[in-house]
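*Asks:* Sharing a structure here in structure tokens format.
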Amino acid sequence: MLPAAPAEAQPLVIPADAEVELPVPAAASAVTEDPPAEARRVLMSFLQARNWRERVVWCEEGDRLREELEAYDRRIGDGAHVPLSVEHIASAPLPDGLRTVQVFQVAFPDLPQGFPVPVRQTSRGWRLDGRTFIEFRESRLKRFLDDFRESPAVFRVRLRWLPPGDPDGFDPDASFPEHRFRIAAPIQGHEGIIYADKNDPVVGPKIADRLNPQATHLVMVRLQWARGITGRARVELRDIVSESWREEP
């Protein structure tokens, strides 16, 4: 989990007519000023961009995110995103020990509690984690948990094992030989209970070997709606896709 960092004194409110900055040249990836300030500049440029073509240049995923950003813009419409506030909340080193990730809490009128947006130092300069932004901005986990869906989906979540008798859980359906977990997006009210079959050849070993029952894990998971023999619908944990919020290569 990322370490906490002091919040800045004043949240940043973006004017609707703010100008869009040009991309930082690749050669400028070296830190020349306070990392949170450089990372904030990239986040601001992403938010102020007029369309997906301008937004994609600020994303860590680059052209791999093109179709998702284009579809996202079709849903919300072109134009700058004007949040209520942007607050720097955390800073942590990346595995190479040479670069860092800066995390900002971004709030919007329809999500006033906000959600975290990572901005990482890369060989191309500071870049925003575009998939995480879209997933949290569209409340995808909450929408998935609220309604039965045929297709599985992958989410970045906080995952905590609920041992038998845990007061946060409830009586399991006897038709599901599973473990129970509390799952949540990092947005207040976006959470639920999911289940995993301990005998499943894919999920079982990951539960036993990779999840500490005493910890909250920040992981990427694949979820699937299913029905037991009683007909009761549940959301199942089908796979732990990554043991962090980053996609594994």
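*Asks:* Using Cβ counts within 10 Å as a stand-in for footprinting exposure, how do 122, 230 rank, fewest first?
*Replies:* Sorted ascending by nearby Cβ count, the order is 230, 122.
*Asks:* Something else about it: Using bins 10 angstrom wide from zero, how does P(r) for the stretch 203-249 break down, in % of all Cα pairs?
*Replies:* Spelled out bin by bin, the stretch 203-249 gives 23, 46, 25, 6 percent.
*Asks:* Taking 0.36 nm per residue of sequence separation and subtracting the Cα-Cα distance, how much length would be gained by fully extending the chain between residue 241 and residue 70, in nm to one decimal?
*Replies:* Here the segment from residue 241 to residue 70 would lengthen by 59.1 nm.
*Asks:* Please compute the modelled spin-label separation between residue 199 and residue 34, points set 7 Å along Cα→Cβ, answer in nm with one decimal.
*Replies:* Distance between label points: 5.8 nm.
*Asks:* Then there's this: Of 217, 81, 179, how do they rank once you tally other Cβ atoms within 10 Å and put the fewest first? Please report the intermediate quantities before stating the final value.
*Replies:* Working: 217 18, 81 15, 179 22.
Fewest-to-most ranking of 217, 81, 179: 81, 217, 179.
*Asks:* Related question: Can you sort 139, 151, 45 from fewest to most other Cβ atoms within 10 Å of each residue's own Cβ?
*Replies:* Taking fewest neighbouring Cβ atoms as first place, the list is 151, 139, 45.
*Asks:* Now, a different point. With the Cα gyration tensor of the stretch 140-242 giving a ≥ b ≥ c as the square roots of its eigenvalues, does the rule (a/c under 1.5 for rounded; else a/b larger than b/c for prolate; else oblate) give rounded, prolate or oblate?
*Replies:* Here the stretch 140-242 falls in the rounded category.
*Asks:* Can you give me the long-range amide H partners of residue 219? Hydrogens built in the peptide plane at 1.01 Å from N, cutoff under 5 Å, separation of 5 or more residues or another chain.
*Replies:* For residue 219, the qualifying residues are 157, 159.
*Asks:* I'd like the trypsin sites (Lys or Arg not before Pro) in the stretch 71-156 restricted to DSSP loop residues with at most 11 other Cβ atoms within 10 Å, sorted by number.
*Replies:* none
*Asks:* Fully extended, how many nm does the chain gain between residue 214 and residue 232 (0.36 nm per residue separation, minus their Cα-Cα distance)?
*Replies:* Once the chain is fully extended between residue 214 and residue 232, it gains 3.6 nm.
Quick note: the coordinates plus some simple rules give every number you see, no bench work behind them. The structure presented is a predicted model; accordingly, all values stated were derived computationally and were not measured. Cβ atoms come from the backbone with ideal geometry, glycine included; neighbour counts cover every protein chain shown.
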